[in-house]
Amino acid sequence: MQKKKLPVGIENFEDIRKKGFYYIDKTGLIRDLLNNWSMVNLFTRPRRFGKTLNMSMLKYFFGIGTDKTLFDGLAISQETALCEEYMGKYPVIFISLKGVDGLTYELAIERLKTIIQEETMRLHSMLKDELLSPFDSKKLSQMENRELPEKEIPDSLKFLSRVLYTCFGQKVILLIDEYDVPLDKAFQHGYYEEMVSLIRGMFGQALKTNDFLEFAVLTGCLRVSKESIFTGLNNFDVNSIVDVEHDEQFGFTDSEVRELLEDYGLKEKTDVVKEWYNGYRFGNANIYCPWDVIKYTKKLLADPHAEPEAFWINTSGNELVKRFIDKADKTTQNEIERLVAGEAIEKALRLDLTYNELDASIANLWSVLFTTGYLTQAGKAVNGIYKLVIPNREVREVFVLQIQEWFKECVADDEKPMRAFCRAFLEGKAEDIQKQLNVILNRMISVLDAKAPDDKKENFYHGLLLGLLRSEARWLILSNAESGDGFSDILVEPDDPDAGIVIEVKYASSIAGLDKACEEALMQIKEKRYDERLRNDGMTEVLAYGIAFCKKRCKVVCGK
């Protein structure tokens, strides 16, 4: 039997069902929502965990005129009473605020008008114009032509609710996807207060004073403080990553991933998929990132030997981690070390914040890293104290990458000490090099190599040393270059035409083993004649360095 296509980036429920894409059944969300509903329901989950697809599913289930066969064979079809009462019975307004971005408030407003325009045009095709007043028809025309005055934008969703009720005699279900994106973008670009005022007005009218609303569902990444945009809203239910209810409805469970891999003949990849993409804790459920699982599965079908990649990471700039590491003091750096090494740290977290509070303290950034999926909880919170861990190997790569970038920036800021450091290599000052390297190692996160086997940790320090030496732009730095009877770790051709440098890097499993590792490095340089390439280029004064590392300590030995 031909395997179904994998839905990479497809967030339209109808397309997935009609065009034969693989679908992991999340229609239980409909049942749970109806059995435990509130007037306004907010779901907060990290990005790429199926929020938009679930909202599209709700649209097609409740929407008037829906194709009921879309749900054949799915879990919700077994709930015959619910389907009879609710399926296809409601006018549905569905907007995504994902695209409300702009370097200025004015540009963001234009994009919001476009979103309102597109949904108005979709809904207008369903309306009975003869039931509309001249005022309503005129306003619909303004919205369709993006001519709605800014002061009337806050009333737009409530207005659409009213005209839908006029035509269908049925209250409206309102779906707002990625509700917090306009606030996030406004915070980044400096027009936060204006956007908060606009969103507060829109949500206040659509969710609080809307007599034509049956119920509403919102999704987002952050649980934005109720006081900032949901002021005075009663009957408001928030479901976040710490809640047990709906804990399996966003993201893939372990059993769902195992079934998917088996369906595509990839059962042997179960462990590597788990190592890279599992580890998120939502309520009582262990969850995989759907985006990663689908992307990697598709890649494996094309190339059975494909290595896992950081797919989720590459869908954003990871500004939160960068901001966090930039603000880290010595204590926080130690906590990051522990996280990268696989340990848990304990933190009191706030699950609701305003964007203005993000940079107020490092504690708030811990909270945001947790709610957006860069950290997850181990076990249950006790008295508001959470045990935080990095969920999987992919997210660990984010921290490692950002730490390395942070370290490079720190090194670049120390131009004068770096010049002295490089000059010490040319002058054979092993003790000066060793002292400076130990200072550098003490400043950086030392456990970036923690998960690598001992024979691979050498690569990490090799890369570190290359980066430091390249701060001397006039030098030619060669890595793993063929010379003599092998490949030297690092060859340096400085600006002095007669001088050359050969460096062999070693990793020692203990501090006590540093001396022996340096001796082995120098012996290897001599026995394999790593200086040959430099001598062939006319260099008569070649210095050989054996440099051994162990965590935050190093030993440097120099010989001619």
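The values are calculated or read from the model by the stated rules, or taken from the named source; none is laboratory data. Since we're looking at a predicted model, the values are computed, not measured. Don't worry about glycine lacking a Cβ; one is built from the backbone with ideal geometry, like all the others, and counts go over all protein chains shown. Remember, those area values only see protein heavy atoms, side chains included, never the ligands or the DNA or RNA. Shrake-Rupley method; radii C 1.70, N 1.55, O 1.52, S 1.80 Å.
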- The Rg/Rh figure for segment 38-115, Cα atoms and Kirkwood Rh, to two decimals is 1.08
- Specify the inter-centroid distance of segment 201-225 and segment 247-290, based on alpha-carbon positions, in whole Å. 32
- Item | Antiparallel DSSP beta bridges within the chain, percent to nearest 5 | 50
- Amide H neighbours of L213 under 5 Å, counting only residues 5+ apart in sequence or on other chains, H built in-plane at 1.01 Å? V172
- Task: At 4 °C and 1.567 mPa s, grab the translational diffusion coefficient of segment 268-311 from Stokes-Einstein with a Kirkwood Rh over Cα pairs, rounded to a whole number in µm² per second.
- Result: 119
- Query: Taking a 21 Å limit on the Cα-Cα distance, which of the listed pairs K4/K26; K59/K158; K19/K269 fall beyond it?
  - Reply: K19/K269
- Quarter of Cα convex hull surface for segment 1-141, i.e. mean projection, nm²: 11.6
- Computed [θ] at 222 nm, helices only, for the chain once each DSSP H run of length n ≥ 4 contributes -39500 (n - 2.57): -13500 deg cm²/dmol
- Task: Please give the FRET efficiency for T331 paired with N145, using the beta carbon to beta carbon distance and R0 = 56 Å, rounded to the nearest 0.05.
- Result: 0.50
- For D432 and I385, what does the FRET efficiency come to when R0 = 45 Å and r is the distance between their Cβ atoms, rounded to the nearest 0.05? 0.45
- Length-normalised contact order for segment 255-370 - Cα pairs under 8 Å, 6+ apart - percent: 15
- Measure off 7 Å from each Cα along the Cα-to-Cβ vector at E532 and L131, then give the distance between these two points in nanometres to one decimal. 8.9
- For Y386, other-chain or 5+-apart residues with amide H closer than 5 Å (H placed, Pro excluded) are K347, A348, L349
- Once the piece of chain linking D243 and E14 is laid out straight, how much longer is it, given 0.36 nm per residue of separation minus the C-alpha distance between them? 79.6 nm
- Task: With the Cα gyration tensor of segment 230-304 in hand, convert its eigenvalues to equivalent ellipsoid semi-axes via √(5λ) and list them largest first in whole Å.
- Result: 32, 12, 9
- Query: Once amide H atoms are placed 1.01 Å from N in the peptide plane, what residues at a sequence separation of 5 or more from G500, or on another chain, have their amide H within under 5 Å of its amide H?
  - Reply: E541, V542, L543
- Query: So what is the orientation-averaged projected area of segment 182-234, using the convex hull of its C-alpha atoms, in nm²?
  - Reply: 3.8
- Task: Could you tell me which of L514, M87, N278 has its Cα farthest along the dipole of the chain towards the positive end, charges placed at Cβ (Lys, Arg +1; Asp, Glu -1), taken about the Cα centre?
- Result: M87
- Ranked packing of 335-343, 245-253, most packed first, by mean Cβ within 10 Å: 245-253, 335-343
- Note on the structure: Among (1) 71, 52, 44; (2) 95, 54, 48; (3) 100, 85, 39, the entry matching Cα extents along the principal axes in Å as calculated here is (2)
- Simple spin-label estimate for K138/L107, 7 Å along Cα→Cβ, in nm, reads 3.4
- Task: Go through segment 14-28 residue by residue and turn each phi into a ³J(HN,Hα) via Karplus (6.51, -1.76, 1.60, θ = phi - 60°); whole Hz please, and just put x for glycine and proline.
- Result: 4, 4, 4, 6, 7, 9, x, 8, 5, 9, 8, 5, 10, 6, x
- Task: Using a 1.4 angstrom probe on heavy atoms only, work out the carbon and sulfur share of the accessible area of the chain in %.
- Result: 47
- Calculated on alpha-carbon atoms, Rg and Dmax of segment 81-151 in Å: 15.3, 49
- Task: Quick one: what are the phi-derived ³J(HN,Hα) couplings along segment 32-44, Karplus 6.51/-1.76/1.60 with θ = phi - 60°, whole Hz, x for glycine and proline?
- Result: 5, 5, 6, 6, 9, 7, 10, 4, 10, 10, 10, 10, 10
- Message: For segment 266-363, compute the orientation-averaged projected area of the C-alpha convex hull (one quarter of its surface), in nm².
- Response: 8.3
- Task: Report the FRET efficiency, 1/(1 + (r/R0)^6), for N35 and M121, where r is their Cβ-Cβ distance and R0 is 35 Å, rounded to 0.05.
- Result: 0.55
- Computed label-point distance, nm, for sites R338 and D263 using a 7 Å Cα→Cβ extension: 4.2
- Using Cα positions and a limit of under 20 Å, work out the lysines in reach of K555, with same-chain residues fewer than 8 apart set aside. K429, K435, K456, K457, K506, K516, K526
- Query: Rounded to whole Å and sorted largest first, what semi-axes of the equivalent ellipsoid does the C-alpha gyration tensor of segment 460-512 yield via the square root of 5 times each eigenvalue?
  - Reply: 21, 15, 10
- Message: Given a 1.4 angstrom probe, what's the average accessible area per residue across the chain, in square angstrom?
- Response: 44
- Sequence order, segment 361-371: Karplus ³J(HN,Hα) from phi using 6.51 cos²θ - 1.76 cosθ + 1.60, θ = phi - 60°, Hz rounded, Gly and Pro as x, gives 7, 5, 4, 5, 5, 4, 4, 5, 4, 5, 6
